[in-house]
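Heads up: the structure comes next, in structure tokens.
Coordinate-derived values only; no laboratory data. These numbers come from a predicted model, not from an experiment. All Cβ positions, glycine included, derive from the backbone under ideal geometry; neighbour counts span all protein chains shown.
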Amino acid sequence: MKTFLATIIGIVVAIAATKGLEILGHNIFPVKLDIDPNNIEELKLIMFKIPVYLLVVIVFAHTLGLFLGFIVSRLIERKSILPLYYISGLMILLAVINLILIKHPTWFIISDLLALLLVSIAYIGTRKKA
């Protein structure tokens, strides 16, 4: 039961933290693009006009959100690393879906996926298996 709870809460924290950090980044570095960020069609039109530093903030938000999900999950379940695999897999899958739905610059695709993979490998790889 703890494994299931750690997985669900870890996923919720990872997604919420990622979204929260993205919003924080947009508030700290406001960009006047006059679009609805929840409208995929509008995002497709301006993706290559978004400043590089804002895309770097998004990569950071994805990576830190995943890491926070790992930490919370690990606080709940210390014996099994199975929740970490589920959280990692889902967050990477969501990133891939986002990258498929909205065309991004090549450097962003590579850096976002690489950052998520490296954080996953580093965090899961350093945890002791039960």
Practice problem: Subtract the Cα-Cα distance of Ile23 and Phe48 from 0.36 nm times their separation in residues, and report this length gain in nm to one decimal. | Solution: 7.1 nm
Quiz item: What relative contact order, as a whole-number percentage, does the stretch 2-125 give when Cα pairs under 8 Å and 6 or more residues apart are counted?
Solution: 39
Quiz item: Tell me, Glu42, Glu22, Glu77 in order of fewest to most beta-carbon neighbours within 10 Å?
Solution: Glu42, Glu22, Glu77
Exercise. For the stretch 15-88, calculate the relative contact order in percent as a whole number, restricting contacts to Cα pairs under 8 Å that are 6 or more residues apart.
Key: 42
Self-check item: Karplus-derived HN-Hα couplings along the stretch 43-49 (A = 6.51, B = -1.76, C = 1.60, θ = phi - 60°), whole Hz, x at Gly and Pro
Solution: 4, 4, 6, 10, 3, 8, 9
Quiz item: Once both labels are modelled 7 Å past Cα along the beta-carbon direction, what's the Leu82-Ile35 spacing in nm?
Solution: 4.2
Practice problem: Starting from the exponent 0.38 and prefactor 2.2 Å, build the expected Rg for the stretch 1-79 from its residue count and divide its actual Cα Rg by it. | Solution: 1.35
